[in-house]
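Read through the structure below, which is laid out as structure tokens, and then see the notes.
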Amino acid sequence: VSLHKPEIKLESLKEDIKAFLKTSGWEKKLQNAVYSELNVFPSPCHPAAPPEHMKEPLAYMRKAQGSWEKRILKSLNSMCTELSVPLAQKRPVNEQKELLNKWNEMGTDEPDLSLFRPVYAPKDFLEVLMNLRNPNYENGEQPSFRNHLGLIQVPLKVKDIPELKEDFSELGLNIGQLGIDDSAQVPPEFFENEHVRVGQKVLAEQDSAAAQQYVRQGCPTALRADLWALILNISNQPEDILYYEQLKSNVIQHDLLVDSLIYKDVKLTASNDDYYFVFEDYLYQVLLCFSRDTSVLEHFTYSSATPPKSYIRGKLGVEEYAVFYPPNGVIPFHGFSMYVAPLCFLYHEPSKLYQIFREMYVRFFFRLHSISSHPSGIVSLCLLFETLLQTHLPQLFYHLREIGAQPLRISFKWMVRAFSGYLATDQLLLLWDRILGYNSLEILAVLAAAVFAFRAVNLMEVTSLAAAEAVLADLSTLKVMPLLQIFLFATVT
């Protein structure tokens, strides 16, 4: 339309378009969209690299992920057979009506789930990671790695404290932080007032990159929901709401076996949690819609995982009769619903909550349950955690190892869930601020090591894995930011 206006001249078209983008606000939207893509997609590989390198450059990691996927599928299929439940079926009309009527109170529904069991739990996944080996170093030839005494036995490069200090420099002791009550340099209320003022300015500018930089020092509670949405480039337009409604109608029409797994998981985790049980209905809504969302399949281009396929009965192996199952390609495991639960504190509008969760998943959370060499992948996080402990608390590390209480056996479940369900919610949100701010999950491994450092005196006295677990059973009183700061910046290196 604008191009037909008489004042638009062909010779100055380029400049006029630029000016139009600026005045209409489209320039910011385009910048944010590009920034969002850059944050999500990996940097381009070497032009000669085969396409699977985009997913995972190390062949043995790809192979391990492939065989892990086969195990999960086998578990799912045997459940189907045992319980004589189809993977998917159309709901009878009366059932559809019933589900639609109680969509906002699904928590009151008590289907019999006693026969369903989670497809796997984090400890099963840890066993797989412990058995990972790089075939090129079969005999432990790599001298620098031979003295790694942890459970993870693959040689990946992880950062040391000086590198982490540089990466997380905004967490320095002399920099104001939300989540630290008694910073000596600046009275907290002075820092907070100023920080809130800057946060409002960042929101007014609608600049994703500025928001990402800003949240590295923590988000004021009142601004967090809007700042996270800005960083994740989520605006909840009418078409997004419509898309969510379409997913909802897919849930109403079709019954999937994974629905029962989702129900069971929410019942086993969030429903028993003092912070999250009130969000039970939200969790069902978001997770049931998520399982139907085929746009989630796009993240498999840069994930080491591959979406599982199901074949129409009698057509096993015939590609044109194959469909991805579940439609989003993600089979939930024990604790999966805890990725959504903390977000319910911030977003009360279901379609917005849904989009934020989906974006958090395809940027971060998928890395916590797939086998890869990525620095934010769970294998690297485990190795980073063990290396930090072995280097900085060698006595503690050896003591726990000697009594059969390998630290990773305790901290693994915290990292797989990004600490959701372990920390108090206000502390968890401060931690997730930093995940978004640094676009990295490495802080999870640093925090896990910091927790061990904090409880080191008590841990030195235990004589069994059960006793060590008891010392670390309750993290709900911990303050995340002081722990991280002391571990990173007050540890003598």
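Among the conditions (1) over 21 Å from residue 446 (Cβ atoms); (2) more than 15 Å from the chain's Cα centre (by Cα); (3) assigned to a helix (DSSP H, G or I); (4) not acidic (Asp, Glu), residue 328 misses just one, which is (3).
When 386, 349 are checked against the criterion of being surrounded by fewer than 22 Cβ atoms within 10 Å (Cβ to Cβ) and over 14 Å from the mean Cα position of the chain (by Cα), a single residue qualifies: 349. Of 199, 179, 140, all but one fail to be modelled with pLDDT under 95, part of a helix (DSSP H, G or I) and open to solvent by less than 30 Å² (accessible area, probe 1.4 Å); the exception is 199.
Test residue 101 against the stated conditions and say whether it is at pLDDT 70 or above and out of contact with any helix residue (DSSP H, G or I) (no Cβ under 8 Å at 6 or more places or on another chain). Considered against the rule, which asks whether it is at pLDDT 70 or above and out of contact with any helix residue (DSSP H, G or I) (no Cβ under 8 Å at 6 or more places or on another chain), residue 101 comes out as yes.
Counting only helices (runs of 4 or more DSSP H) wholly contained in the stretch 222-297, the ones carrying 1 or more residues that are open to solvent by less than 50 Å² (accessible area, probe 1.4 Å) and among the basic types (Lys, Arg) occupy 238-253, 257-268.
Of the residues 105, 98, the single one that is surrounded by 12 or more Cβ atoms within 10 Å (Cβ to Cβ) and of a type outside the set (Phe, Trp, Tyr) is 98. Is at least one residue of the stretch 366-377 over 15 Å from the mean Cα position of the chain (by Cα) and either under 19 Å from residue 279 (Cα atoms) or aromatic (Phe, Trp, Tyr) (or both)? Within the stretch 366-377 (the criterion being over 15 Å from the mean Cα position of the chain (by Cα) and either under 19 Å from residue 279 (Cα atoms) or aromatic (Phe, Trp, Tyr) (or both)), the answer is no, since none of the residues qualifies.
A count restricted to the stretch 415-472 and to residues that are basic (Lys, Arg) and open to solvent by 10 Å² or more (accessible area, probe 1.4 Å) stands at 2.
If you go through the stretch 298-313 and keep only what is open to solvent by 30 Å² or more (accessible area, probe 1.4 Å) and aliphatic (A, V, I, L, M), you end up with just 312. The C-beta contact set for the stretch 94-108 (first residue closer than 17 Å to residue 246 by Cα, second residue of a type in the set (Lys, Arg), distance under 8 angstrom, 6+ apart or interchain) comprises 99/91; 103/248.
Out of curiosity, is residue 192 under 26 Å from residue 173 (Cβ atoms) and either part of a helix (DSSP H, G or I) or among the hydroxyl-bearing types (Ser, Thr, Tyr) (or both)? The answer is yes for residue 192. The set of residues from the stretch 23-73 being basic (Lys, Arg) and modelled with pLDDT under 90 comprises 28, 29, 55. All of 149, 126, 173 fail the test of being in contact with a Lys or Arg (Cβ under 9 Å, 6 or more places away or on another chain) and at pLDDT below 90, apart from 149. Contact map, the stretch 160-189: residues that are closer than 26 Å to residue 387 by Cβ paired with residues that are modelled with pLDDT under 70, Cβ distance under 6 Å, separation 6+ or inter-chain. Pairs shown: 161/493. Among the conditions (1) at pLDDT below 95; (2) of a type in the set (A, V, I, L, M, F, W, C); (3) within 18 Å of residue 390 (Cβ to Cβ); (4) part of a helix (DSSP H, G or I), residue 484 misses just one, which is (3). Under 23 Å from residue 74 (Cβ atoms) and not in a loop (DSSP other than H, G, I, E, B), is that true of residue 323? Answer is yes for this residue. Considering the stretch 27-127, the qualifying helices (runs of 4 or more DSSP H), each wholly inside and each with 1 or more residues that are of a type in the set (S, T, N, Q) and over 30 Å from residue 228 (Cβ atoms), run over 59-83, 93-101.
The values are calculated or read from the model by the stated rules, or taken from the named source; none is laboratory data. What you are looking at is a predicted structure, and each value in this text was computed from that prediction instead of being measured. Neighbour counts are summed over all protein chains in view; Cβ atoms, including those assigned to glycine, are modelled from backbone coordinates with ideal geometry. Please note that ligands, DNA and RNA were not included when accessible areas were found on the heavy atoms of the full protein model with its side chains. Shrake-Rupley method; radii C 1.70, N 1.55, O 1.52, S 1.80 Å.
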